[in-house]
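Structure first, commentary second.
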Amino acid sequence: MRKLSIAIDGPAGAGKSSVSKILAGRLHYAYLDTGAMYRAVTYEVLTRKVEGEESIISMTEKLDMEVQPGEAGMEVFVDGKNVTPFIRTPEVSSKVSAVSAIGGVRKAMVAIQRKQAEKGGIVLDGRDIGTTVLPKADVKIFLTASVHTRALRRFREITEGHPEMTMEEVEKEISRRDYLDSHREISPLRKAEDAILLDNGDLTLESTAEAIISICEKKFPGFDR
Ligand code: CDP
Ligand code: CDP
């Protein structure tokens, strides 16, 4: 048996990155957080004050982006600098959907993601993994939970660093991003037809990871890990 490629898509706060990290650890697979890549591009757009689609695409195509495992999961390096500590700010979160809707930006990121995934033995999380990046992924999961549950999870995280945000604001921001991500023209957030829908509103991270491993076992008994 060979090592699998596992696609985990879903909306913000569904638990994709936390669950993917646990899964990758359990299976001894690589992990690729594709959202971190779009966030890194957005961070560069903001810090370099790049405006207009053409300029953003040309900046993105020239970026030397590397992703590698680090202490806190996956780390993103741009032109040799570790940008991971700067990509989850409210500023980046509010701009990332607009930047990631640009076709040329997606084309550049998808090329890197496919290259990373070509040998299998990897868990990728994002919005378009099952539909576009790896339409032939061995296992596809669409992970979700109610917007309220997802906002509450994010609120707990965010308030540690930015106590000025209210739960209402976090829920509004998450809903806005979900709307933009699922209504963009290119590779919108949606469940692939052959993806398994998993609502983890009442599940812990551990039991969600367990449920996904059971799905893999059922489809590929005795798969390599
Ligand atoms: O962790 P969170 O759900 O907040 O978002 P993320 O996974 O870090 O992704 C940030 C943003 O990147 C999303 O809201 C999408 O706009 C974009 N994204 C995308 O377009 N395609 C992906 N495969 C992953 C993320
Ligand atoms: O990557 P995504 O935006 O889908 O979600 P995440 O960043 O992995 O999870 C958002 C927050 O919800 C994290 O603090 C997780 O620990 C928490 N979470 C949870 O407590 N239980 C779950 N079943 C899923 C997520």
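Sort 57-64, 117-124, 151-158 by packing, meaning the average of other beta carbons within 10 Å per residue, with the highest value first. Mind showing how you got there, number by number?
Numbers: 57-64: 14.2, 117-124: 19.5, 151-158: 17.4.
Descending packing order for the listed peptides: 117-124, 151-158, 57-64.
Ranking request for peptides 97-110, 67-80: highest mean number of other beta-carbon atoms within 10 Å first, then the rest in descending order.
Values: 97-110: 19.2, 67-80: 14.4.
Descending packing order for the listed peptides: 97-110, 67-80.
For the pair residue 214 and residue 68, the difference between a 0.36 nm per residue extended length and the Cα-Cα distance amounts to 49.8 nm.
About its Cα centre, the dipole of the chain is roughly 560 debye, where the only charges are +1 on Lys and Arg Cβ and -1 on Asp and Glu Cβ.
Mean residue ellipticity at 222 nm, helices only, the chain: -15500 deg cm²/dmol; runs of at least 4 DSSP H residues each add -39,500 (n - 2.57), and the sum is divided by the number of residues.
In the context of the full set of protein chains, residues of the range 5-219 present 49 Å² of accessible surface per residue (probe radius 1.4 Å, heavy atoms only).
PRE reach from residue 2 (point 7 Å along Cα→Cβ): which of the range 123-163 fall under 17 Å by backbone N? Under cut-off, by backbone N: 123-124, 134-140.
Rounded, prolate or oblate: which fits the range 114-197 when a ≥ b ≥ c are the square roots of the eigenvalues of the alpha-carbon gyration tensor, with rounded for a/c under 1.5 and prolate only if a/b beats b/c?
Numbers: a/c = 2.45, a/b = 1.95, b/c = 1.26.
Verdict is prolate for the range 114-197.
Round to a whole number: what % of the accessible area of the range 5-219 belongs to carbon and sulfur, probe 1.4 Å?
Values: 5630 of 10560 Å².
Taking all protein chains in place, the range 5-219 shows 53 percent carbon and sulfur surface.
Ordering 55, 152, 188 by the projection of their Cα atoms onto the charge dipole of the chain, which places +1 on the Cβ of Lys and Arg and -1 on the Cβ of Asp and Glu, puts 188 at the extreme positive end.
Ranking request for peptides 5-14, 36-45: highest mean number of other beta-carbon atoms within 10 Å first, then the rest in descending order. Walk me through the numbers before you get to the answer.
Numbers: 5-14: 26.0, 36-45: 23.8.
Per-residue Cβ counts within 10 Å, averaged per peptide and sorted highest first, yield 5-14, 36-45.
The values are calculated or read from the model by the stated rules, or taken from the named source; none is laboratory data. Predicted model only: the values in this text are computed from it and were never measured. Ideal geometry is used to build each Cβ from the backbone, glycine not excepted, and the neighbour counts take in all protein chains shown. Note: accessible area is taken over every heavy atom of the protein model, side chains too, but ligands, DNA and RNA are not part of it. Shrake-Rupley method; radii C 1.70, N 1.55, O 1.52, S 1.80 Å.
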